[in-house]
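Values quoted throughout were computed directly from the atomic coordinates according to the rules given, and no laboratory measurement underlies them. A quick note: this is a predicted structure, and the numbers were derived from the prediction, not measured. Using ideal geometry, Cβ is built from the backbone for each residue, glycine included, and neighbour counts are taken over all protein chains shown.
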Amino acid sequence: MSPSLLSLVFVATLLASLAVKFWLATRQMRHVAAHRDAVPAAFAETVTLQAHQKAADYTLAKARFGLLGTAFGAALLVGWTLLGGLDQLNGAVRELVLPRWGEMAYQLALLGAFTLIGGLLDLPFDLYSTFRIEHRFGFNRMTWRLYLADMLKGLLVGAAVGLPIAALILWIMGATGAMWWLWAWLAWMGFNVLILVLYPTVIAPLFNKFEPLSDESLKARVQSLMARCGFAAKGLFVMDGSRRSAHANAYFTGFGAAKRVVFFDTLLSKLTPGEVEAVLAHELGHFKHKHVQKRIASMFAISLAGFALLGWLSTQSWFYTAFGVQPSLDAPNDALALLLFLLVVPVFGFFVSPVFARFSRKHEFEADAYACAQADGRDLAGALLKLHEDNAATLTPDPLYVRFYYSHPPASERLAALSHQAG
């Protein structure tokens, strides 16, 4: 393929995705703003105008800031690729590291330098989101000390976990021949399974405190629900989510027999025992319908296709030159190909994201239906309303924006479905 043609296709796709993103965002903002001053009729008796307006203002603030982030991300992508940023970084790291410490150190240093620079460039956006937007709407409980501690822990954990798997994949790329991508994929899948096992007991406790659920009546209710559903967990835990945010959640974590049920302390403080049971029944619905297994299988299939594509592209000189990079003649290009692939491919994958969002929404409806069969649907509806209000989720999103982005159905659609099932 001609490098100039590929560059042109890349630019056209990037501009098209930007146009769609900005169009959808402005539709969302106009729709939310137009419905800001009146609570939808279906929620008139359960949601106050003040809460509805707070959700609208929160949505608008995040959308406006999101536009800035989208524009910056596109400019940064062009800077890394067509304007030669990645090529310059590669040259500098190669010259500094390769003669002194060898090929593997050079490639790991390139990955590390790119990750560090990217993190520093994204830092102002994360700071503004956390300490300005989230704080303005009463959600942020993060202190500067905690934020910096989390950042340091994240860097250390990222290095401890990321460097070994990166080194293994880079070694496989250079040592196992033309089919390296298959062996690299197997290593990547094994790494993901290992993380699923280690995360609940090794990684997560570095950032949060987990205590056994102490409410005996709620514990008995939850255990009875899990017994009815044929689900076994290694423990029921409460996480101190309130240290960082007022948002509430509950989730399952772990793999196989090591699965845990985790409740945010903010969730337990806002929902009744019946509502907590209904929320947990919804999560159990995902397991009962094998949604988790389907998502893992999809991830495996997509990552296999990705590794196979990378395996081919990494041998094509036009893949590098089309995106402003000159491959090395006297050094391995494996890390360079990996970074370039991770930069470019998401641009082309943007337009298929609505397909995955649609399947995710379908799974949420199925989990809701399962929850209604195992718990009280009215409790689930009450919990959804509280969580939407608590998280300031707008009740009036733009329908097209929903179809493109939302992994969960909007509250109006979920509550209508729950009402139909209860009827």
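Structure above, values below:
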quantity	calculated
Euclidean distance between Cα centres, segment 370-389 to segment 329-367, Å	33
Percent antiparallel among DSSP beta bridges (both partners in segment 228-334, rounded to 5)	50
C-alpha long axis of helix 103-128 to longest principal axis of the chain, angle in °	40
Candidates V276, V345, V78, ranked by Gaussian network fluctuation over the chain, Cα under 10 Å, top entry	V345
The chain: most fluctuating residue of S217, S303, S412 per GNM, C-alpha cutoff 10 Å	S217
Helix 49-80 axis, angle to the chain major axis (alpha carbon atoms, nearest 10°)	10
Antiparallel DSSP beta bridges within the chain, as percent of all bridges there, nearest 5	65
Per-residue Cβ neighbour rank within 10 angstrom, fewest leading, D87, D126	D126, D87
Global geometry of segment 108-246, whether rounded, prolate or oblate, following the gyration tensor of its Cα atoms and the 1.5 cut on a/c	oblate
Size of charge dipole - the chain - debye, nearest 20, with Cβ of Lys, Arg +1 and Asp, Glu -1, no other charges	320
Label-point gap, in nm, between A44 and F131 - each point 7 angstrom along Cα→Cβ	4.5
Residue among R361, R64, R260 with the largest mean-square fluctuation in a Gaussian network model of the chain, springs linking Cα atoms under 10 Å	R64
Helix axis angle, 144-175 relative to the chain longest principal axis, alpha carbon, degrees	50
A12 versus N249: modelled label distance in nm, points set 7 Å from Cα along the beta carbon direction	3.9
Whole-percent pair-distance distribution, where bins are 10 Å wide, for the alpha carbons of segment 1-50	22, 24, 19, 15, 11, 7, 0
Neighbour-limited loop hits for chymotrypsin sites (Phe, Trp or Tyr not before Pro), segment 175-212 (at most 10 other Cβ within 10 Å; DSSP other than H, G, I, E, B)	none
